[in-house]
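As structure tokens, the structure follows; a few thoughts come after it.
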Amino acid sequence: MNHVVGVRAGEDITVGLVDGAKVRGPMRMFPEPGGAQGIGFEIQSMPMDAVAETVANLINDVCLEQNAAPSRVGIGFPGVIRGGVVEESPNLRQAKGANLSELLQSALRGHGLDLPVFVYNDADAMAAGIAATRQQLERLIRVWTLGQGIGFGRYPHTEDILEGGHIVVSLDPREAYCGCGGRGHLEGIMGHRAMRLRFLDLEPEEVFANAAAGDARCAEFEHLWHRALAAGTATAVHMQGPGKFFISGPDARFVKINLLSQYLHEMVTMSPLQGSVFEIVPPDPQLPVIGAAVNASRQ
Ligand SMILES: [Zn+2]
């Protein structure tokens, strides 16, 4: 059987053995769910060779448990990825410049596993996972991932830079909460980390709950948050054409589709570019794992 290992690494690490568009057997995660480690902190303080070592250990565990001999590894990682190198990763700064492909191949050889490793932007891996699990590998799939950072992924995979989270959606110089330091960025408004910086007294969950309860400051922000995502999407439509936009990630729970669609409609008025729709993808840790493996198998 021609299995491929799929990996998603970022705030945490998930590894699975992928067969076609399905994960075979149980996935392995770090930190382990229910474990004592703080979310995000563990990986953000790890040097990249330790991250590669951790991923290699999980891959080795999965192969041993399932008596599998996979042909290759696909890994999704946040940031600007080219040729296996993480050129920039604003929310995992230690990754900048790391040749993740080489680091992981070397760590795997320590387990006697000689496997080619292909690295993708994590949002691109999510897009591929959506395409594969919906049997839409022939379609253009675009997805926003809303978490600590904001990702924009597309399938089919290309080597083009697609840092959609850093699309400029505001000319206000005070908009400076983006993890990359750039002003006016989409992530500086929508990113989980950016929201915590903006509302030092409130968690993002409380901001949206207060907005629903009628708090004016929070309600104003909720509109800004949706306008920002509509603006980012409008830019994608104006550059690449209309279509379906999936929304995934932990903060997709805050999205009001009607409000978002209304704003997008106000921002995209040329008739050949209209007709885009949004769909929220329910949380599923398998999707980026499957997607990374699917991209690797088509490489
Ligand atoms: Zn930015």
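Quick note: the coordinates plus some simple rules give every number you see, no bench work behind them. If you're wondering where the values come from, they're calculated on a predicted model, not measured in any experiment. Note that each Cβ is placed from the backbone with ideal geometry, even for glycine, and that neighbours are counted across all protein chains shown.
Only aspartates and glutamates eight or more places from K256 in sequence, or on another chain, were considered; those with a Cα closer than 13 Å are E222, E279. First measure r as the distance between the Cβ atoms of R24 and A209, then evaluate 1/(1 + (r/R0)^6) with R0 = 45 Å and state the FRET efficiency to the nearest 0.05. Calculated value: 0.70.
In this label model, Q136 and S45 are separated by 4.1 nm, measuring between points 7 Å along each Cα→Cβ vector.
Near R82, the amide H atoms lying under 5 Å from its own belong to E87; only residues 5 or more places off or on other chains count, and H is placed 1.01 Å from N. DSSP assigns beta bridges within the chain; of those with both partners inside it, close to 55 percent run antiparallel.
Each other residue within a Cβ distance under 13 Å of Q299 adds +1 if Lys or Arg and -1 if Asp or Glu, for a net charge of 0. A cut-off under 14 angstrom between Cβ atoms defines the neighbours of G164, and their net charge, with Lys, Arg +1 and Asp, Glu -1, is -3. Charging the Cβ of each Asp and Glu at -1 and of each Lys and Arg at +1, and nothing else, the dipole of the chain about its Cα centre rounds to 600 debye.
Of the residues P78, P90, P272, which exhibits the maximal mean-square fluctuation in a Gaussian network model of the chain defined by a 10 Å Cα contact cut-off? Highest fluctuation of the listed residues: P272. With helices as the sole contributors, the chain gives -12000 deg cm²/dmol at 222 nm; each DSSP H run of n ≥ 4 counts as -39500 (n - 2.57), and the sum is divided by every residue. Which value, to two decimals, describes the C-alpha radius of gyration of segment 20-127 once divided by 2.2 N^0.38 Å? After normalising by residue count via 2.2 N^0.38 Å, the value is 1.06. Judged by the ratio a/c of the largest to the smallest principal axis of the C-alpha gyration tensor, segment 83-185 counts as oblate, that ratio being 1.5 or greater while a/b is no larger than b/c.
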